[in-house]
Amino acid sequence: MKTAIVTSKSSLNHNTGSGHPESISRVTSIIEILKKNKKLIWKNPTNFDKEIIKQTHSSSYMNTLEKAFPKEGLNFLDGDTIVSPGSKDAIFDAVGSIITAIDGVEGKEFNAAHCVTRPPGHHAEKNKAMGFCVINNISVAA
């Protein structure tokens, strides 16, 4: 069985600040362990049409989000969800990762895939970030 790991270095640029539980080490520790398995197929996220996100999130939320990334420092989208200057690429690469995973399985390039990305993407709601999540990648995938 061929298994792909879809990840991007942009995850390392998503800074949530000192002491935040959703940190860079969450991804680096997973990748370090997975690299020991030489049978895995490593993939980068593909580019995608951002309009697909509007099937999950409102246009007004996406417009607000585009303006939310600070030039320096951190910006709190809610009490738990933080973005930094490097977050934008990480957020959209996380969406691209799940699309890459689905396309690879459907195209029989591999049998299974795991996306090692951040920020996570399952709590965000239609009109707001929530629980460390900016885009609901699971909903976009569905």
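The values are calculated or read from the model by the stated rules, or taken from the named source; none is laboratory data. Keep in mind it's a predicted model, so treat the numbers as computed, not measured. As a convention, Cβ positions derive from the backbone with ideal geometry for all residues, glycine included, and neighbour counts pool all protein chains shown. Heads up: the accessible areas ignore ligands, DNA and RNA and are worked out on the full protein's heavy atoms, side chains in. Shrake-Rupley method; radii C 1.70, N 1.55, O 1.52, S 1.80 Å.
Tabulated data
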item: Accessible area per residue in Å² at 1.4 Å probe, computed on the chain; result: 56
item: Highest to lowest packing among 116-129, 43-56, scored as the average C-beta count within 10 Å; result: 116-129, 43-56
item: Entries in K9/K126; K2/K50; K108/K128; K88/K126; K2/K88; K50/K126 that, when Cα-Cα distance is taken, lie over 24 Å; result: K9/K126; K2/K50; K108/K128; K2/K88
item: Local net charge near L77, Cβ-Cβ under 13 Å (Lys/Arg +1, Asp/Glu -1); result: -2
item: HN-Hα J in Hz across the stretch 60-67 - Karplus 6.51, -1.76, 1.60, θ = phi - 60°, x for Gly and Pro; result: 5, 5, 5, 5, 4, 4, 4, 8
item: Carbon/sulfur fraction of accessible area - the stretch 73-142, other protein chains in place, 1.4 Å, %; result: 51
item: Within the chain, helix-based [θ] at 222 nm, where runs of 4 or more DSSP H residues each add -39,500 (n - 2.57), nearest 500; result: -9500 deg cm²/dmol
item: Rounded accessible area of E32 (nearest 10 Å², 1.4 Å probe); result: 130
item: Angle in degrees between helix 24-34 and the longest Cα principal axis of the chain, rounded to the nearest 10; result: 0
item: The chain, dipole about Cα centre (Lys/Arg Cβ +1, Asp/Glu Cβ -1), debye to the nearest 20; result: 460
item: Choice from A94, A68, A112 showing the highest fluctuation, given a GNM over the chain with Cα pairs closer than 10 Å; result: A112
